[in-house]
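For reference, the structure discussed in these notes is given below.
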Amino acid sequence: MVQNDDHMKISILSSGSTGNVTYIETPKRKVLVDAGLSGKKIEGLIQSIGHDMTEVDDLLVTHEHTDHIKSVGILARRYPQLNVYANQPTWDAMLPKIGKVPVAQQHIFEMGALKSFADLDIQSFGVSHDAAAPQFYEFQHNGKTFVILTDTGYVSERLSAQISDADAYLFECNHDVEMLRMGMYPWPLKQRILGDKGHLSNEAGADGLMDVIGNRTKNVFLGHRSLHNNMKELCHLTVASMLKEHDFGVGHDFNLYDTEPDAALPLLSL
């Protein structure tokens, strides 16, 4: 007997300072969030999890920084079935960078809005980052919830309450503060990353996770790791140690996953 597979499935195709792409699917919808790598690379990553860009219905954009929009225009022109969503300020900031996108494929996703895409409900929410109007997304299907939250300088109490107790998170742990301070970046850039409109450090990411992880939470992905100011092992150890110190059941109540900048994680069913 063939069982009805009514799960939401996710794969972090790429996460890091060099490019970001996430794949979400339900029985009736296939969605990408961001397209921060080359079109060819994204096509290959999707094929590596057994799918094809021709199957993807929608591309949601979080903000206009290059590591999130590099091939938005390329993919839109190459795949006419692809609907591209962003809020209006992001469209205004993004279009000069990505080239022509057919008008029929341009759609508005207002900050704070809830939209239904067949059997997938998507809630947008604003974050604190140095972009025109940065927003991320919460995905809901069949009683399961997946939240993407990267590229933010801090997580407010209001936002924590809004996104708490999801089944899975992709959560920013961008940099190690000492590596950043001692590293090669010019001081103004270091100040930007460390500021309220910058990025979450490993410690700040762990603090944010402690405010949102609930009984339903089973999978946490550590995302948007800096190429120059972090290391995978250090990031994982820092977050896992802080969570365990506060009696969070890492490896028991939920899994803690590392993400990669150039390799897709296997599809995970929620």
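The values are calculated or read from the model by the stated rules, or taken from the named source; none is laboratory data. This one's a predicted model, so the numbers in the text were calculated from it and none came from an experiment. When we count neighbours, we look across all protein chains shown, and the Cβ atoms used for this are built from the backbone with ideal geometry, even at glycine. For accessibility, only protein heavy atoms count, side chains too; no ligands or nucleic acids. Shrake-Rupley method; radii C 1.70, N 1.55, O 1.52, S 1.80 Å.
Within the chain, what percent of beta bridges assigned by DSSP are antiparallel, to the nearest 5?
55
Can you list residues whose amide H is under 5 Å from residue 30's amide H, if they're 5+ apart or on another chain and H is modeled 1.01 Å from N?
Hits under the 5 Å cutoff: 57, 58.
Provide the per-residue ³J(HN,Hα) series for segment 136-141, in order, calculated from phi with Karplus coefficients 6.51, -1.76, 1.60 and θ = phi - 60°, each as a whole number of Hz, with x at glycine and proline positions.
Couplings: 10, 9, 10, 10, 10, 7 Hz.
Which whole-angstrom value gives the distance between the alpha carbon centres of segment 109-182 and segment 16-71?
17
Mind giving me the FRET efficiency for residue 189 and residue 142? R0 is 51 Å, r the Cβ-Cβ distance, nearest 0.05 is fine.
0.75
Using θ = phi - 60° and the Karplus relation 6.51 cos²θ - 1.76 cosθ + 1.60, list the HN-Hα couplings for segment 169-184 in order, rounded to whole Hz, with x at every Gly or Pro.
10, 10, 10, 6, 9, 6, 9, 8, 4, 5, 4, 5, 5, 8, x, 7
Pop a pseudo-label 7 angstrom from the Cα along the beta-carbon direction at both residue 165 and residue 83 and give the gap in nm to one decimal.
Placing both labels 7 Å beyond Cα along the Cβ direction yields 3.1 nm.
Give me the percent of DSSP beta bridges within segment 54-184 that run antiparallel, rounded to the nearest 5.
Antiparallel bridges: around 60 percent, rounded to the nearest 5.
Can you compute the charge dipole magnitude of segment 184-270 about its Cα centre, using +1 on each Lys and Arg Cβ and -1 on each Asp and Glu Cβ, nothing else charged? Give it in debye, rounded to the nearest 20.
So the dipole magnitude of segment 184-270 works out to roughly 240 debye.
Just grab the label-to-label distance for residue 52 and residue 114, each label 7 Å out from Cα along the Cβ direction, in nm (one decimal).
Taking the two extended label points, one gets 3.6 nm.
If you roll a 1.4 Å probe over the heavy atoms of the protein chains, what accessible area per residue do you get for segment 191-270, in Å²?
48
Order these peptides, 81-91, 37-47, by their mean beta-carbon neighbour count within 10 angstrom, highest first.
81-91, 37-47
Excluding residue 111 itself, what net charge comes from residues whose Cβ is under 15 Å from its Cβ, given Lys and Arg +1 and Asp and Glu -1?
Net charge around residue 111: -3.
What is the local net charge at residue 255, summed over the other residues whose Cβ is closer than 12 Å to its Cβ (Lys, Arg +1; Asp, Glu -1)?
-2
Tell me, what ³J(HN,Hα) does each residue in segment 105-120 have, in order and in whole Hz, if you take phi through Karplus 6.51 cos²θ - 1.76 cosθ + 1.60 with θ = phi - 60° and put x for Gly and Pro?
After applying 6.51 cos²θ - 1.76 cosθ + 1.60, I find 9, 8, 9, 9, 10, 5, 5, x, 7, 10, 10, 9, 10, 6, 9, 10 Hz.
Would you mind computing the Rg to Rh ratio of segment 36-122 from its alpha-carbon coordinates, Kirkwood style for Rh?
0.95
When we measure straight from the Cα of residue 70, which lysines land under 18 angstrom away, once same-chain ones fewer than 8 places off are left out?
40, 41, 97, 100
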